[in-house]
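Heads up, the thing below is written out as structure tokens.
The values are calculated or read from the model by the stated rules, or taken from the named source; none is laboratory data. Bear in mind the structure is a predicted one, so any value in this text is a computation, not a measurement. Here the Cβ positions follow ideal geometry from the backbone for every residue, glycine too, while neighbour counts run over all protein chains shown. Heavy atoms of the whole protein, side chains included, go into the accessibility calculation; ligands, DNA and RNA do not. Shrake-Rupley method; radii C 1.70, N 1.55, O 1.52, S 1.80 Å.
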Amino acid sequence: MTTKATETSTAKLGVSRRSFFKGTAVLGTAGCTEVKISSSSSDYGANPGGLGSSPKFVNWARNIQAHPAEVSLPASLAELQETVRKAKGVRAVGSGHSYTPCVHSDQVILSLDKLDSILSVDRQSMRVKVEAGKKLYAFNEALAELNLALPSIGDIDRQSLAGILSTGTHGTGMKWGSFADAGSVHAIELILADGSLVSLSADRPEDQEALAAARLGLGSLGIIYAITFNVVPAHNLELRSWLTTLSDALDPKHYRDNDHYEFFHFPFTDKVKAISRNLTDKPRDEQRVRTFIDKIVLENLALGGLLSTSSLRPQVMPHLYESLTNLVFDESRVDRSDKIMASTRLVRVHELEYAVPIAVMPQAHERFKALSQTFAARSDKPFFANFPTESRFIRGDQGNLLSPSQGQDVGYFSVMSHASFDGYEEFFRAMEAQLLGLGGRPHWGKMFYQNPTSLYPQWSKFLSYRDKWDPSGKFRNIYVDRLIDGQEMINKLG
């Protein structure tokens, strides 16, 4: 129901619930179509089989481009080994969702899209072995057919399985770590620079250190061929979302008492959309129309359209979000676990995400608020925060060398800016300095500027495995080189 207060607030901008849906869906559709074109190209600008004259890789965010000499799609383990063995330089591509140039190569970009089979299912140990080219959403479907599931996934499911390990992708929930956690990955099969296959398993004590390096390898140790995941019985989750205040959303009871908990804070307001997801015996319900309105129209088409338009007059952002929060309604639904945890994301944004000690999450929000006000008040080139921040909470990772959440429970604090807004980079750099000051570490697949390798006590051990498995530097690229040399990271490359 639309309240009188809602109509009054939105009227300041000429926005009512009816006009919001009617007018902005059109604008949003244009942005949606643009993103679909990028997605449907499978991340390549030319036919991967060699029909195009100049292969081109473009990531989802479009801040990274590469022009490799060759794009290869091996269809078997033997073809994969031969491709790696012959290549002078090679990097693997998943779904192109990383903002950093981890895929970039001017030699061979290798896709595992044809290597996507389930290799074994062990119901006694609750483990599933799968080829690493399989996309997460397809893996979820395959698991569901087996009456199995992953216990925790992130808020999108388009990535490849190799990609979610290599960058430390995470969900939310204090019972679980990231995808690179020992509790998530039991074994890995890796193609080394000479084309040989190395199998690493948690069952073998002598493999523990090498497996810890391989669980989050940044694509620089070898090409992941297969992964053995720990799984759980298929289950439903009940999602609840509600509008609340930032202080309430930060109360530890929420992430302690819910299986999965996160929230989105709307800039220039004290308002938050909080989301809990909990195990339930309730059957899946059918609310497709309401879910479509909330997830596709509100969160993607309408918001994307409004932000594209607002970038022409960014000073409207404080008033816009004050109005838009009055259009957020409470939600409750039950569905299969992966469908409750993952959402459709069509709005193209730039994103910086840091893992900070969980106790300092309130300070992270305070510093974001202060920076937002400072940048908006500048007389010369003001910048207006324009996208909700996302806050998630997970337990500390074990069994890897480079996880941002290694050894401590963390809150992941994500700062985003709509692609149509200029000037975000200076704001991101200032926010990064604040998050580093709070003891944060960046997500490896999101934007960051300061080289984080000094924040990892076992970085030298990681490099020792890189030197051992790739002595000729076959898997090196501009991303790896800058990390090794301690240089500032590049977030734009084209």
* **Scan of segment 120-130 for residues that are under 26 Å from the mean Cα position of the chain (by Cα) and open to solvent by 60 Å² or more (accessible area, probe 1.4 Å), ordered by number** => ARG127
* Asked: Of the residues in segment 169-191, how many are touching a residue at least 60 places away in the same chain (Cβ under 8 Å) and touching a Pro at 6+ places or on another chain (Cβ under 9 Å)?
  -> 7
* Considering ASP207, ASP270, ASP203, which residue is free of Cβ contacts under 8 Å to residues at least 40 places away in the same chain, more than 18 Å from SER184 (Cβ to Cβ) and either of a type outside the set (A, V, I, L, M, F, W, C) or open to solvent by less than 10 Å² (accessible area, probe 1.4 Å) (or both)? -> ASP270
* Please list, ordered by first then second residue, the pairs with beta carbon atoms under 7 Å, 6 or more apart or interchain, first in segment 422-434 and in contact (Cβ under 8 Å) with a residue 40 or more places away in the chain, second open to solvent by 20 Å² or more (accessible area, probe 1.4 Å) and part of a helix (DSSP H, G or I). => PHE427/LEU371; ALA430/LEU371; MET431/LEU371; GLN434/ARG367; GLN434/LEU371
* Asked: Is segment 307-327 home to any residue that is at negative phi and without any contact (Cβ under 8 Å) to a residue 12 or more places away in the chain?
  -> yes
* Asked: Quick one: what pairs do we get from segment 222-238, first residue at pLDDT below 95, second among the polar types (S, T, N, Q), C-beta under 7 Å, 6+ apart or different chains?
  -> none
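Mind listing whichever residues of segment 186-200 are of a type in the set (Asp, Glu) and surrounded by fewer than 20 Cβ atoms within 10 Å (Cβ to Cβ)?
Across segment 186-200, the qualifying residue is only ASP194.
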* Asked: Cβ-Cβ below 6 Å, separation at least six or inter-chain, first residue in segment 78-106 and closer than 30 Å to VAL415 by Cβ, second open to solvent by 40 Å² or more (accessible area, probe 1.4 Å) and assigned to a loop (DSSP other than H, G, I, E, B): which pairs?
  -> SER95/ARG158
* assigned to a loop (DSSP other than H, G, I, E, B) and either open to solvent by less than 30 Å² (accessible area, probe 1.4 Å) or closer than 21 Å to ILE223 by Cβ (or both) - does that describe any residue in segment 426-438? -> yes
* To do: Look at ARG215 and say whether it is touching a residue at least 40 places away in the same chain (Cβ under 8 Å), within 23 Å of GLN458 (Cβ to Cβ) and among the charged types (D, E, K, R).
  => yes
* To do: Collect the residues in segment 211-226 that are in contact with a Cys (Cβ under 7 Å, 6 or more places away or on another chain) and surrounded by fewer than 24 Cβ atoms within 10 Å (Cβ to Cβ), keeping them in residue-number order.
  => LEU218
* Asked: Would a scan of segment 271-284 turn up a residue that is at pLDDT below 75, under 27 Å from ILE340 (Cα atoms) and acidic (Asp, Glu)?
  -> no
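Open to solvent by 30 Å² or more (accessible area, probe 1.4 Å), more than 30 Å from PRO314 (Cα to Cα) and either hydroxyl-bearing (Ser, Thr, Tyr) or part of a loop (DSSP other than H, G, I, E, B) (or both): does that describe SER454?
So SER454 fits the description; yes.
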* Structure fact -> Of those in segment 299-333 that are hydrophobic (A, V, I, L, M, F, W, C) and surrounded by fewer than 20 Cβ atoms within 10 Å (Cβ to Cβ), the residue nearest to PRO267 (Cα to Cα) is VAL316
* **Candidates TYR479, TYR465, TYR449, filtered to the one that is among the aromatic types (Phe, Trp, Tyr) and crowded, with 20+ Cβ neighbours inside 10 Å** => TYR479
* Asked: Looking at segment 393-415, which of its residues are basic (Lys, Arg) and either open to solvent by less than 10 Å² (accessible area, probe 1.4 Å) or in contact with a helix residue (DSSP H, G or I) (Cβ under 6 Å, 6 or more places away or on another chain) (or both)?
  -> none
* Structure fact -> Checking VAL347, VAL360, VAL328 in turn, the sole residue that is of a type in the set (Val, Ile, Thr) and touching a helix residue (DSSP H, G or I) at 6+ places or on another chain (Cβ under 7 Å) turns out to be VAL347
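Look at SER420 and say whether it is of a type in the set (S, T, N, Q) and open to solvent by 10 Å² or more (accessible area, probe 1.4 Å).
In short, yes.
Those residues that are touching a residue at least 12 places away in the same chain (Cβ under 8 Å) and either hydroxyl-bearing (Ser, Thr, Tyr) or surrounded by fewer than 20 Cβ atoms within 10 Å (Cβ to Cβ) (or both), I need them from segment 374-389; list them, please.
PHE375, ALA376, LYS381, PRO382, THR389
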